[in-house]
Amino acid sequence: MLSRRSVLLLTLALAPLPVVPAAAAEAPISVEGAPGGPILGSAPTTVTLQLSPEAARAIRKLPDRASEGPAVRLSIQGVKAPAGTSVHVFVNLPGAVGDTPTSDFHYVGNIISFEDPAPGSAGDDVLFDPAPALRSLKKAERLLPGDTLAWTLAVVPGSAPADVSIPVDKVVLSITPQSR
């Protein structure tokens, strides 16, 4: 039986282990774009992101299982929606409207504003994991292999006045390769 002192002495007696440098992590791939105007209650807005060759390759090669692939994040920044407003987000469905079903393959998520933005505030930044929608589209062979992804933001009818205008600063897609 070993005592604490024996374990300490045994530990000190061992030769130092060689230090092996960790493999350099691949840098995240990021693309961004700004909408041409605000999200309107009467008309959705679509932001098309021009993918770099690396980003396009990573999207095309998304594996079926999340545990095997890169982390994919969509950040919608500077959203200034009035309290109670709900905005649906879709990928590669420019014809989406606020009442497009959330069961659609293209559905990414929902932005819900709980408070009116403070005067002069930068707005809210909302983070999504679009990988499930991208995987579903890929599996159903509906993800186009091109070099763009279009993100449509549509106000859910009845959640805001029909004449609402919701500013958005930018949309950022980032892909962080899985460390090996």
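Descriptive notes on the structure:
- Residue-wise HN-Hα coupling along segment 43-56, computed from phi with Karplus coefficients 6.51, -1.76, 1.60 (Hz; x: Gly, Pro): 8, x, 10, 10, 10, 9, 9, 7, 7, 6, x, 5, 5, 4
- By the count of neighbouring beta-carbon atoms within 10 Å, fewest first, THR102, THR152, THR46, THR176 end up ordered THR102, THR176, THR46, THR152.
- Potential lengthening of the chain between ASP64 and ARG142 amounts to 26.6 nm, from the contour at 0.36 nm per residue minus the alpha-carbon distance.
- Per residue, the convex hull volume that the Cα atoms of segment 46-176 enclose (Å³): 109
- Neighbourhood charge, 14 Å Cβ-Cβ cut-off, centred on VAL155 and excluding it, Lys, Arg +1 and Asp, Glu -1: -1
- Length-normalised contact order of segment 46-176 in % [C-alpha pairs under 8 Å, at least 6 apart]: 45
- Pairwise Cα distances in segment 55-124 exceed 13 Å in 73 percent of cases.
- Segment 93-112-segment 125-180 distance, computed between alpha-carbon centres (Å): 9
Where a number appears in this text, it was derived from the coordinates with a stated rule and is not lab data. The model shown is predicted, which means the values in this text are computed figures rather than measured ones. Here the Cβ is made from the backbone with ideal geometry for all residues, glycine too, and neighbour counts use every protein chain on show.
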